[in-house]
Amino acid sequence: MAQEFVNSKIQPRKVTVFIKPTCPYCQKTQEILCQMSFKQKLLEFVDITAITDTNVIQDYFQQLMGARMVPQVFIGKDGIGGCSDLISMQKSGELETRLRQIEALK
């Protein structure tokens, strides 16, 4: 169930971020991404606490990414990691480059 759910959310031309609303790292990730000009429906925040068993989803993140933590950020089908990874990409300019590659920005 967790694998199907996560995989159904990850799309080739979309940024998907799996979050827990109360997590400060998730909030920072949302803040960074919401400052960017995404095309409509190409940025999605998925609240995993709305799912019955968050542990199963986080176990799948462990298999997929090597870490259970949230946020889990996917640019297209590529998992880039969490908040600190996103910040590093933003500082280096790689974030905008990757978002332009998948044509997610206006």
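Readers should treat all values here as calculations from the given coordinates under stated rules, not as data from a laboratory. A quick note: this is a predicted structure, and the numbers were derived from the prediction, not measured. We place every Cβ from the backbone using ideal geometry, glycine too, and count neighbours over all the protein chains shown.
In the chain, which cysteines lack any other cysteine Cβ under 4.7 Å from their own?
So far as the 4.7 Å Cβ criterion goes, CYS34, CYS83 stand without a partner in the chain.
Can you list, largest first and rounded to whole Å, the semi-axes you get for the stretch 2-101 by taking the square root of 5 times each eigenvalue of its Cα gyration tensor?
Numbers: eigenvalues 86, 40, 33 Å².
Taking √(5λ) for each eigenvalue gives 21, 14, 13 Å, largest first.
Rounded to whole Å, give me the distance from the Cα center of the stretch 81-98 to that of the stretch 1-72.
The distance from the Cα centre of the stretch 81-98 to that of the stretch 1-72 comes to 16 Å.
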